[in-house]
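Please treat every number below as a calculation from the coordinates, not as lab data. Remember, predicted model here, so these are calculated numbers, not experimental data. Quick reminder, even Gly has a Cβ in these numbers, built from the backbone with ideal geometry, and neighbours come from all protein chains shown.
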Amino acid sequence: MSLSQLHAILDELYETGLYPSFQVCVRHRGEIILHRATGRYRPLDAKHTWRDADLETRYPLFSISKSITSMALHLLFERGLLHVDDPVAWHIPEFAQHGKDHITLRHVLTHSAGIPMYTWKLTDDRILDWDRIIADLCSKTSVLPW
């Protein structure tokens, strides 16, 4: 498939109206051969009007990222570095707070850990603050009777 064909497919996808904006990055043998942003988006803080998407636009992926995380975890499982039934607290000790010491990687991957959804409003500065996200997750109490 040629680059012009890829661009045509992306144009057709955008024209369906199903996606107000998107980014695509295609690599071949370590080199970027296509890097494109299309459409318009509204920032998470909703204080701003719609903006043109560009290559720096960040999108919240939430559970969509689980497929990528699962793939990475399966590689670690295959290499014997982790096991699906490892307690999360073995890898993030502070996660054991509030009785979550029995929650395993399997629970997290299958949405059965009982961790409540985020209640604070997501903004770019919060999405990028790894330490704050981990601290918030660790401070939660599972809604399941562990």
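Points worth noting:
- Kirkwood radius, the stretch 48-113, all distinct C-alpha pairs, inverse of mean reciprocal distance: 14.1 Å.
- Kirkwood hydrodynamic radius of the stretch 1-59, Cα pairs, Å: 12.6 Å
- Net charge dipole, the chain: roughly 160 debye, given to the nearest 20, about the Cα centre with Cβ charges of +1 for Lys and Arg and -1 for Asp and Glu.
- Loop-resident sites, the stretch 49-123, for chymotrypsin sites (Phe, Trp or Tyr not before Pro), counting at most 16 other Cβ within 10 Å (DSSP): TRP50, TYR118, TRP120
- Low-density loop cleavage sites - trypsin sites (Lys or Arg not before Pro) in the stretch 58-134, where at most 14 other Cβ are within 10 Å (DSSP): ARG58, ARG79, LYS121
- Counting only Cβ charges, +1 for Lys and Arg and -1 for Asp and Glu, the dipole size of the stretch 62-146 around its Cα centre is about 220 debye.
- Pair-distance profile P(r), taking every C-alpha pair of the chain, with 5 angstrom steps and integer %: 2, 8, 12, 15, 16, 13, 12, 12, 8, 3, 1, 0
- GluC sites (Glu not before Pro) restricted to the stretch 35-127 and DSSP loop, no more than 15 other C-beta within 10 Å: GLU56
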